[in-house]
Amino acid sequence: MLKVSASLKSAPRYQPALATVKEAAILMLLAVITWCSRFYYSSEFGLYYEDYGRIPVAMGWTWTDLWDYVLHIPGWLIHMDYEGRALHPGLIHILSFIGNRIGGLQAIYKIGYGIATVNTILFYALLRRTSSQPFFALTSSLAFALFPVHTSQAFLTISLGILPALTLFLVACHLYLSDNVKTSRLSYGAILASLLCYEKFFLLFLVAPLLQKAPLSGRRREVIRHVAILVALLLGVTLLRKLNGESRVSELGLTDLTNALISIVLGPWITIGTFLERAVQAVGLLNQQWLGLLLAAFLAIGLSLYSLLLVNRSNQPIFSKSVSLKRNRFRAGRSFLFNDLARWAIAGTAMLFLAYPLNFLDSVFITTGRTSHVHVAAVVGASILCGCGCVLVDSLASAYQKRLASTVVLSTFFTLLLVFGLTVQQDYITSKQYQQAFWTDVVSLCPDMTQDTIILVNNQVLPQVEQINPLQTGHFAKVLGYIYQFPESWLNFEDESLSRQPKVYRLKHGWRNKILSEEGLLHINEDIVATRTVSPDKIDGSNLIVLETRNGALSRRTQPFIVKNRQFPLKQNNSEFEVPPFKAGVLHKYLINRSHGASVRYRSQRPNGGDRRF
């Protein structure tokens, strides 16, 4: 008896330490899940889409270039440059420079992972701070880390330029909850910074008063003041953007407003439906090479969830003997189910709907690929609602003494979401490999490229990947300038249209009907090629190279280029070099792989499977 009493008295001394260890283990689990779901294969990732407009530029900077860039950011913020989001490109450039200095492209991806992990931990800390249920906080945070509706989170333009806006939103929530009035006021500075980075998280902050446990009825003045401040900030930034002629505001039309309305009505339901669909879809995506990882994830998630359930059960009050066991369990959890859980369900629903009013351009029906970032702000509300759903599942299972079964079900659900995340990463790898194969083919077929050389390739022959297409970028024409260091006299950094470096252009669908000019020359403009900056406007064929496909491989056309019965003799390869004789640029080691083996299989043009030729 004395030994038992002594152990009971000494036990509380170890409880704080034990709680700290458990919290550290949960944070480690969330960090690992974030890594596995988004960045597990990041060492094999490349650059995609808008990455080519900023990241290679920063990779080529000196410290002087970085400092000069940083000095321009305040002016860009004042004048609402870069679509009113000057922090967005600013962070991408600065973090890319730092990452490249540390360890090249893969270190840049590590920074992206760091931001994603900080967001997950901030989200978990927010729920732990404002909820009495660690089980709810963990399941919501797992959903946050595995969010399957937005599939481009590892894409560097997103992870370095948009996810920091989410970081600032979460920081604003923590500041708002502070008991110190001055600290609480700083939350509006954080949410303003989020707005100037990426605007879609801003409206979510309207829900911040719901994060506090105190009822809203006694805080009406606080809520009114909070809403008024946010409305003033949003209107102020919108007015500045309009006065400075920012196109997304000044050219806002009925179509854009209609799209926003559709997004509000349908976006939340698409997000919830896709959340569940991805788990089902993942069953057919299982890969044998992931079995060890998935088993470890399943066990880690399951043990974490079940340990929290045991803690909750041990803290339940002593039941009255006159009441049934099931009824006692129901009453034991009633406080959370009908108070805390209801508050979070309302907050999550509100945040989910508020994720979409500022979506004027993109379709909410897109849930794969780059444009799935339309759902980026939905991660907060959807994850909270997922956590609420998990609590309800556990509550129902508890009433029937099936908590172990519910833990298995929930662990399986989250593991399947991890499967989907790994599948998305496979597409990133495939996309990078296609890029390497394509650009290696280009430099091998065009060793004679020189000043003003134009290389045309039919966009429809290029390979496609579901989650992130390898060669779809508005900066396509710039890429050769990152692969090689061309003479400075060929370059014009102030006006890219005047740059005379060799350029590769992708021909748009229907180019044949538009490419011939009235003067009998070839049009190279935005109606013909898919790129943001075009030069020159009209050319003959003397410095033109045309790449076409034969039997699924890329080849160089030697016969004249024929358009509407008019022949254009093409540039012939008389070079003694196997590859262009220029020094390697910042992307050479990432895009040129002479040992890649067989060329990528390019797509066929004709419906019957014939070659896609000119």
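Answer yes if at least one residue in the range 521-531 is over 24 Å from residue 558 (Cα atoms) and of a type in the set (Val, Ile, Thr), and no otherwise. Yes - at least one qualifying residue is present in the range 521-531. When 26, 33 are checked against the criterion of being part of a helix (DSSP H, G or I), closer than 27 Å to residue 146 by Cα and either among the basic types (Lys, Arg) or modelled with pLDDT of 95 or more (or both), a single residue qualifies: 33.
Among the residues that make up the range 388-403, is at least one of them touching a Cys at 6+ places or on another chain (Cβ under 8 Å) and either surrounded by 20 or more Cβ atoms within 10 Å (Cβ to Cβ) or more than 22 Å from residue 154 (Cβ to Cβ) (or both)? No, because not a single residue in the range 388-403 is touching a Cys at 6+ places or on another chain (Cβ under 8 Å) and either surrounded by 20 or more Cβ atoms within 10 Å (Cβ to Cβ) or more than 22 Å from residue 154 (Cβ to Cβ) (or both).
Residue 560 falls short on exactly one of the conditions (1) at pLDDT 85 or above; (2) closer than 21 Å to residue 443 by Cβ, and that condition is (2). When 465, 443, 408, 479 are checked against the criterion of being surrounded by fewer than 18 Cβ atoms within 10 Å (Cβ to Cβ), of a type in the set (A, V, I, L, M, F, W, C) and in contact with a helix residue (DSSP H, G or I) (Cβ under 8 Å, 6 or more places away or on another chain), 408 stands alone in meeting it. Pairs meeting the criteria (first residue in the range 19-35 and polar (S, T, N, Q), second residue part of a helix (DSSP H, G or I) and at pLDDT 95 or above, beta carbons under 6 Å, at least 6 apart or on different chains) are 34/116; 34/117; 34/120; 34/145. Of 448, 452, all but one fail to be more than 31 Å from the chain's Cα centre (by Cα) and within 19 Å of residue 524 (Cα to Cα); the exception is 452.
Answer yes if at least one residue in the range 187-203 is hydroxyl-bearing (Ser, Thr, Tyr) and not in a helix (DSSP H, G or I), and no otherwise. The answer is yes; a qualifying residue exists. For the range 535-593, a tally of residues being among the polar types (S, T, N, Q), under 41 Å from the mean Cα position of the chain (by Cα) and surrounded by 12 or more Cβ atoms within 10 Å (Cβ to Cβ) returns 5. The set of residues from the range 337-384 being of a type in the set (S, T, N, Q), at pLDDT below 90 and over 19 Å from residue 260 (Cβ atoms) comprises 339, 368.
Let's see how each residue does on (1) modelled with pLDDT of 85 or more; (2) farther than 26 Å from residue 133 by Cα; (3) of a type in the set (A, V, I, L, M):
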| residue | (1), (2), (3) |
| --- | --- |
| 201 | yes, no, no |
| 212 | yes, no, no |
| 215 | no, no, no |
| 221 | yes, yes, no |
| 233 | yes, yes, yes |
| 244 | no, yes, no |
| 249 | no, yes, yes |
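Return yes when residue 51 is out of contact with any Ser or Thr (no Cβ under 6 Å at 6 or more places or on another chain) and either surrounded by 18 or more Cβ atoms within 10 Å (Cβ to Cβ) or not aromatic (Phe, Trp, Tyr) (or both) and no when it is not. No, not satisfied. Among residues of the range 107-152 being of a type in the set (Phe, Trp, Tyr) and under 15 Å from residue 39 (Cβ atoms), the one that is surrounded by the most Cβ atoms within 10 Å (Cβ to Cβ) is 147. For residue 394, state whether it is outside the structural domain of residue 556 (by TED's automatic domain parsing) and acidic (Asp, Glu). For residue 394, the condition - outside the structural domain of residue 556 (by TED's automatic domain parsing) and acidic (Asp, Glu) - is met.
Within the range 551-583, if we keep just the residues that are part of a strand (DSSP E or B) and touching a Phe, Trp or Tyr at 6+ places or on another chain (Cβ under 9 Å), the residue that is nearest to residue 484 (Cα to Cα) turns out to be 583.
If you go through the range 77-117 and keep only what is in a loop (DSSP other than H, G, I, E, B), touching a residue at least 12 places away in the same chain (Cβ under 8 Å) and either within 20 Å of residue 65 (Cβ to Cβ) or not assigned by TED's automatic domain parsing to the domain that holds residue 194 (or both), you end up with 81, 86. Looking across 66, 95, 105, 87, one residue alone is over 23 Å from residue 271 (Cα atoms), more than 19 Å from the chain's Cα centre (by Cα) and of a type outside the set (Asp, Glu). It is 66. Would you check if there is a residue in the range 234-243 being assigned to a helix (DSSP H, G or I), β-branched (Val, Ile, Thr) and closer than 30 Å to residue 76 by Cβ? Within the range 234-243, one or more residues are assigned to a helix (DSSP H, G or I), β-branched (Val, Ile, Thr) and closer than 30 Å to residue 76 by Cβ. Somewhere in the range 45-61, is a residue acidic (Asp, Glu), at pLDDT below 95 and closer than 18 Å to residue 159 by Cα? Looking through the range 45-61, at least one residue is acidic (Asp, Glu), at pLDDT below 95 and closer than 18 Å to residue 159 by Cα. Taken over the range 229-243, the criterion of being surrounded by fewer than 16 Cβ atoms within 10 Å (Cβ to Cβ) and closer than 16 Å to residue 198 by Cα is satisfied by 235, 236.
Filtering the range 244-283 to residues that are more than 24 Å from the chain's Cα centre (by Cα) and free of Cβ contacts under 8 Å to residues at least 60 places away in the same chain leaves 245, 250, 251, 253, 254, 255, 258.
Residues that are modelled with pLDDT of 80 or more and assigned to a loop (DSSP other than H, G, I, E, B) were ranked within the range 511-524; the one that is surrounded by the fewest Cβ atoms within 10 Å (Cβ to Cβ) is 514. Among the criteria (1) surrounded by fewer than 17 Cβ atoms within 10 Å (Cβ to Cβ); (2) of a type in the set (A, V, I, L, M); (3) under 22 Å from residue 142 (Cβ atoms); (4) touching a residue at least 40 places away in the same chain (Cβ under 8 Å), the one residue 361 does not fulfil is (3).
The values are calculated or read from the model by the stated rules, or taken from the named source; none is laboratory data. Please read all numbers here as calculations on a predicted model, not as lab measurements. As a convention, Cβ positions derive from the backbone with ideal geometry for all residues, glycine included, and neighbour counts pool all protein chains shown.
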